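Q: I'd like to ask some things about the structure below.
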Amino acid sequence: MKITVLLPLISLMMVFTACQEDKSNDKSSEKVILQKSTITKTYFGDSPDGPAYLFTLKNVDGTEVQITNYGGIIVSLKTKDKNGSFGDIVLGFDSIGNYVDEHPYFGAIIGRYGNRIAKGKFSLDGENYSLATNNGPNHLHGGIKGFDKVLWQASEIEEESAVGLALNYLSKDMEEGYPGNLSIEVIYLLTEDNSLSISYSASTDKKTICNLTNHSYFNLGGAGNGDILSHELMINADQFTPVDETLIPTGIFQDVDGTPFDFRTATSIGKRIDFEDTQLEYGLGYDHNFVLNRNNEGLEKIASLYEVNSGRFMEILTTEPGLQFYSGNFLDGSNVGKEGKVYHHRYGLCLETQHYPDSPNQASFPSVTLNPGEEYSSKTVYRFSVK
């Protein structure tokens, strides 16, 4: 009886051992080590203020963004299309020399003041300030040497489910005519759910104005692969701020209903861009601030962009009250971008989250004044997927 009982037991042990040996030779049963998001640093070239570096952030899905600490510029952004192929969806250059030269702010951090200030003048507490007029009669994007032309201090960020880059810069009192020593930090963070967030913070030792944004030109069909007129755009805004012939807001709020500026439902950009409309004539297309519909002061989805051929879909969430939609009207083929691709008319579009243009001179607009002891804080998220 004992032998009869033990033989099946021994047989079972042999079978179990054999199965274990088979599993050890089966690659499908090997332990899988999950890949983590990565960040690497390489030399990009010399800027007027010293060596600049290129930081490559890549997540587990393969989404990749390259950022240089010169101007805080997003140099490239590669996302998947509906076939699983990656492509670069932002306009830019292969070398730092092109960024040092004049260019239309491709991918850069914009400050101290994003957008236009009428005649380059504003006042605080009765004191008048004069800025460079670098856009016709007006001041644009921080002046002659805005934040797009400075070298930022960079430090890498590695988190459990994200990688990022922290950029810091001290804008000294009266730099480009702005009062106060302004200490700024901008944090780019690429997450594993294919979102790129940009967080801005700043503080000052003297009353000043501050309005920061990013000036990336998007083309979801691929940078340099054609115009953006077939892109479908949604902007959650019932109103926009009309402009004069120099693109300064008139101070009124106009309903989008019944105008070419109604993007409350997804609409192709080219559908109404050539309509006979004074505002489109002033901007040579869209170059206007939209008054976003907001429910609170937190992060809210306010816009989306879709390109049917690639299937790429981008959602924008922000804490800002405004969105400047610019349809690349001044691109004219004079910029030769990455891989030798020429950026022709309307080959890229900008969706700049912001406070409104010329706010320092418009009492009815949300304030851009920053006082000592206060913190400027703003966040925008670009979330990528396909459909």
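The values are calculated or read from the model by the stated rules, or taken from the named source; none is laboratory data. Computed from a prediction, not measured in an experiment: that's the story for all the values here. Counting neighbours? That spans all protein chains shown, and the Cβs are built from the backbone with ideal geometry, glycine included.
Q: Would you point out which residue out of Leu317, Leu323, Leu305 is of a type outside the set (Lys, Arg), touching a strand residue (DSSP E or B) at 6+ places or on another chain (Cβ under 6 Å) and surrounded by fewer than 23 Cβ atoms within 10 Å (Cβ to Cβ)?
A: Working: Leu323 fails: surrounded by fewer than 23 Cβ atoms within 10 Å (Cβ to Cβ); Leu305 fails: surrounded by fewer than 23 Cβ atoms within 10 Å (Cβ to Cβ).
Selected residue: Leu317, the only one of Leu317, Leu323, Leu305 that is of a type outside the set (Lys, Arg), touching a strand residue (DSSP E or B) at 6+ places or on another chain (Cβ under 6 Å) and surrounded by fewer than 23 Cβ atoms within 10 Å (Cβ to Cβ).
Q: Those residues that are assigned to a loop (DSSP other than H, G, I, E, B) and either small (Gly, Ala, Ser) or within 22 Å of Lys206 (Cα to Cα) (or both), I need them from the stretch 366-387; list them, please. Show your work before the answer.
A: Within the stretch 366-387, the first condition is being assigned to a loop (DSSP other than H, G, I, E, B), and the residues that meet it are 366-368, 371-375, 387.
Matches in the stretch 366-387: Pro366, Ser367, Val368, Asn371, Pro372, Gly373, Glu374, Glu375.
Q: How many residues are of a type in the set (D, E, K, R), in a loop (DSSP other than H, G, I, E, B) and more than 16 Å from Asn214 (Cβ to Cβ) if we restrict to the stretch 311-358? Don't jump to the end; show me each part of the working.
A: The first filter runs over the stretch 311-358 and keeps only residues of a type in the set (D, E, K, R), leaving 312, 315, 320, 332, 338-339, 341, 346, 352, 358.
Now narrow it down to the ones that are in a loop (DSSP other than H, G, I, E, B): 320, 332, 341, 346, 358.
Right, trim to more than 16 Å from Asn214 (Cβ to Cβ) and you get 332, 341, 346, 358.
So the answer is 4.
Q: In the stretch 152-184, what residues are in a strand (DSSP E or B), more than 22 Å from Thr42 (Cβ to Cβ) and not hydrophobic (A, V, I, L, M, F, W, C)?
A: Kept after step one, since they are in a strand (DSSP E or B), are these residues of the stretch 152-184: 153-159, 162-171, 182-184.
Still in the list and also more than 22 Å from Thr42 (Cβ to Cβ): 170-171, 182-184.
Correct list: Ser171, Ser183.
Q: Tell me yes or no: at least one residue of the stretch 338-353 is surrounded by 13 or more Cβ atoms within 10 Å (Cβ to Cβ), of a type in the set (Phe, Trp, Tyr), within 22 Å of Val308 (Cα to Cα) and out of contact with any helix residue (DSSP H, G or I) (no Cβ under 6 Å at 6 or more places or on another chain).
A: Looking through the stretch 338-353, at least one residue is surrounded by 13 or more Cβ atoms within 10 Å (Cβ to Cβ), of a type in the set (Phe, Trp, Tyr), within 22 Å of Val308 (Cα to Cα) and out of contact with any helix residue (DSSP H, G or I) (no Cβ under 6 Å at 6 or more places or on another chain).
The rows are residues; the columns are (1) at pLDDT 95 or above; (2) basic (Lys, Arg); (3) surrounded by 13 or more Cβ atoms within 10 Å (Cβ to Cβ).
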{"residue": "Ile3", "(1), (2), (3)": "no, no, no"}
{"residue": "Asp22", "(1), (2), (3)": "no, no, no"}
{"residue": "Lys31", "(1), (2), (3)": "no, yes, no"}
{"residue": "Thr56", "(1), (2), (3)": "yes, no, yes"}
{"residue": "Ile67", "(1), (2), (3)": "yes, no, yes"}
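Q: Continuing with the same structure: Within the stretch 98-110, is even one residue touching a strand residue (DSSP E or B) at 6+ places or on another chain (Cβ under 9 Å) and under 19 Å from Ile209 (Cα atoms)? Even if it seems obvious, please write down each step before you answer.
A: As a first pass, look at the stretch 98-110 and keep what is touching a strand residue (DSSP E or B) at 6+ places or on another chain (Cβ under 9 Å): 98-100, 103-110.
Remaining after also requiring under 19 Å from Ile209 (Cα atoms): 109-110.
Yes.
Q: Here is a further query. Could you say whether any residue in the stretch 318-330 is out of contact with any Leu (no Cβ under 9 Å at 6 or more places or on another chain), of a type outside the set (S, T, N, Q) and within 27 Å of Val90 (Cβ to Cβ)?
A: Going through the stretch 318-330, the residues out of contact with any Leu (no Cβ under 9 Å at 6 or more places or on another chain) turn out to be none.
No, that holds for no residue.
Q: Could you tell me whether Gly283 is under 24 Å from Ala363 (Cα atoms) and free of Cβ contacts under 8 Å to residues at least 24 places away in the same chain?
A: It is false that Gly283 is under 24 Å from Ala363 (Cα atoms) and free of Cβ contacts under 8 Å to residues at least 24 places away in the same chain.
Q: Could you check the stretch 255-265 and list, in sequence order, the residues that are farther than 15 Å from Leu323 by Cβ and either surrounded by 15 or more Cβ atoms within 10 Å (Cβ to Cβ) or β-branched (Val, Ile, Thr) (or both)?
A: Going through the stretch 255-265, the residues farther than 15 Å from Leu323 by Cβ turn out to be 255, 257-260, 265.
Result: Thr259, Pro260, Thr265.
Q: How many of the residues in the stretch 214-259 are under 20 Å from Asp277 (Cβ atoms) and assigned to a loop (DSSP other than H, G, I, E, B)?
A: So the answer is 18.
Q: Filter the stretch 194-215 down to residues that are within 23 Å of Gly107 (Cβ to Cβ) and either β-branched (Val, Ile, Thr) or at pLDDT below 95 (or both) and give me whichever is surrounded by the fewest Cβ atoms within 10 Å (Cβ to Cβ). Can you show your working first?
A: Going through the stretch 194-215, the residues within 23 Å of Gly107 (Cβ to Cβ) turn out to be 194-202, 210-215.
From what's left, either β-branched (Val, Ile, Thr) or at pLDDT below 95 (or both): 198, 213.
Values: Ile198: 23, Thr213: 30.
The qualifying residue surrounded by the fewest Cβ atoms within 10 Å (Cβ to Cβ) is Ile198.
Q: Here is a follow-up. Among (1) of a type in the set (Asp, Glu); (2) crowded, with 17+ Cβ neighbours inside 10 Å; (3) within 22 Å of Leu57 (Cα to Cα), which single condition is Glu158 missing?
A: All conditions are met except number (2).
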